[in-house]
């Protein structure tokens, strides 16, 4: 089965589709987001991906804290404060989408809830990227599949039964266009924890399912091996400066 995202056709053994994952590495700055789009185009990435959220909706418990390393230091702060710094307004998302259009690079983003999806649909998206944390959020997956847009679904932390439930909810077994990303939800992922044999396990269970690799390792060895194991979609976090302030540089 073939899947079309923008001008790209996905099928078994198609050439790799490479996505630069911005995440929050724009640091909440529109100018930096534009620079990252330009850099992604310059290095010939097929797409650039963001994360669309509203901090007050995304972070249910305002007292929840988050600890991360930044600029060689360990930082602990309320999660809602951190995400609030990286939140873009609706009109800024419009400018980001327009910048991607002008640069000729596919815009992707992961919505965190229904309102984020509605915004992205208004902007015009070619596919919906779902993070590993929402693989078991079946009502949300059902809503996403009502759009008829291809779904790219990360599968970190999940079991085969959970993957099967998600695929069934989306409608994959009835032909809904779906790409499943093999991944490990560790940032960064040590080589010993990558477990690329998951490609064989998942392919054996779902032979017609198109697979990709959301790579959280350092370097490109794991991605190279994943390509040989059938991955046609690759997602990799990137930054303009590894010494920048923030949780993912």
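Every residue, every condition in (1) assigned to a strand (DSSP E or B); (2) out of contact with any strand residue (DSSP E or B) (no Cβ under 6 Å at 6 or more places or on another chain), yes or no:
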position: 4; (1), (2): yes, yes
position: 20; (1), (2): yes, no
position: 34; (1), (2): no, yes
position: 37; (1), (2): no, no
position: 80; (1), (2): no, yes
position: 88; (1), (2): no, yes
position: 92; (1), (2): no, yes
position: 102; (1), (2): no, yes
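Total residues in segment 22-32 satisfying the condition of being in a loop (DSSP other than H, G, I, E, B) and touching a helix residue (DSSP H, G or I) at 6+ places or on another chain (Cβ under 6 Å): the figure is 2.
Candidates in segment 202-245 are the residues that are in contact with a strand residue (DSSP E or B) (Cβ under 6 Å, 6 or more places away or on another chain), at pLDDT below 95 and in a loop (DSSP other than H, G, I, E, B); of these, the one that is surrounded by the most Cβ atoms within 10 Å (Cβ to Cβ) is 238. In segment 120-130, the condition of being part of a strand (DSSP E or B) and more than 30 Å from residue 94 (Cα to Cα) is met by no residue.
Is it the case that segment 61-76 has a residue that's under 23 Å from residue 93 (Cβ atoms), free of Cβ contacts under 8 Å to residues at least 60 places away in the same chain and touching a strand residue (DSSP E or B) at 6+ places or on another chain (Cβ under 9 Å)? No: zero hits.
Taking segment 131-153 as the range and being over 19 Å from residue 47 (Cβ atoms), at pLDDT 95 or above and assigned to a helix (DSSP H, G or I) as the test, the residues that pass are 134, 138, 139, 140, 141, 142, 143, 145.
The values are calculated or read from the model by the stated rules, or taken from the named source; none is laboratory data. Just so we're clear, the structure is a prediction, and the values are computed from it rather than from any experiment. Cβ coordinates were reconstructed from backbone atoms using ideal geometry, including for glycine residues, and neighbour counts include every protein chain displayed.
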